[in-house]
Amino acid sequence: MEKTQVLLSVSGWSQTQGDEEADTVRLLTTGTLTGRDDAWRIDYTETQPDSSASHDVVVKMQKGVVTMERLGDYATSMVFEKGRRFEGSYHTPFGALDMGIFSTTVKYNVDEQKTGEVNLKYQLDLQGQFAATHELRIRFCPSHKA
């Protein structure tokens, strides 16, 4: 499969119960897009602005399901499928936390020019307690190097 170098814009919002203001995270980075038809994969590295720690992220999109795997000190694997609940673990240097995700929006598209978008909305709970409602948007387009 052909790899396409892409420029990524990753935006995330989270809101805890009763919280008026949402936390916002924005990241611009580069990565690779591989795949065809209805099976795609994006690989990129995420750098934390507060610590400069970096984590490799893999996003897979296939048959209406998006999976996201994050490697490194804060490793996790999440499955997003609209109307379904996923249970997993969020690994930290201090130990693992039980994590639950209920997806309310799972959309993605990739056009013929390898430009696309992933939109996810989900409720997150940690250790069985509601933590926040999250929204994640990843936009991407081919990066043309001069």
Query raised in the report: Is at least one residue of segment 101-109 farther than 18 Å from Ser11 by Cβ and β-branched (Val, Ile, Thr)?
Result: yes
Query raised in the report: Just for strands (runs of 3 or more DSSP E) wholly inside segment 21-114: which have at least 2 residues that are under 23 Å from Leu7 (Cα atoms) and among the aromatic types (Phe, Trp, Tyr)?
Result: 39-47
Report task. Would you check which residues across segment 87-102 are within 10 Å of Gln127 (Cβ to Cβ) and in contact with a Gly (Cβ under 9 Å, 6 or more places away or on another chain) and list them? Result -> Asp98, Met99, Gly100
Query raised in the report: Do the conditions hold for Gln113, that is, is it surrounded by fewer than 16 Cβ atoms within 10 Å (Cβ to Cβ) and either within 16 Å of Leu8 (Cα to Cα) or modelled with pLDDT of 95 or more (or both)?
Result: yes
Requested in this report: Residue by residue through segment 116-146, note down the ones that are without any contact (Cβ under 8 Å) to a residue 60 or more places away in the chain and either over 17 Å from Val66 (Cα atoms) or in contact with an Asp or Glu (Cβ under 9 Å, 6 or more places away or on another chain) (or both).
Outcome: Asn119, Leu120, Lys121, Tyr122, Asp125, Leu126, Gln127, Gly128, Gln129, His144, Ala146
Report task. Could you tell me which of the residues Asp23, Asp38 is of a type in the set (D, E, K, R), farther than 20 Å from Ala132 by Cβ, touching a strand residue (DSSP E or B) at 6+ places or on another chain (Cβ under 7 Å) and modelled with pLDDT under 95? Result -> Asp38
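Among residues belonging to segment 47-66 that are among the aliphatic types (A, V, I, L, M) and modelled with pLDDT of 95 or more, point out the one that is farthest from Tyr108 (Cα to Cα).
Ranking the candidates gives Val57 first.
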Query raised in the report: Looking at this structure, is Ile101 within 19 Å of Arg139 (Cβ to Cβ) and among the β-branched types (Val, Ile, Thr)?
Result: no
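The values are calculated or read from the model by the stated rules, or taken from the named source; none is laboratory data. All values reported here derive from a predicted model rather than from experimental measurement. Neighbour counts are summed over all protein chains in view; Cβ atoms, including those assigned to glycine, are modelled from backbone coordinates with ideal geometry.
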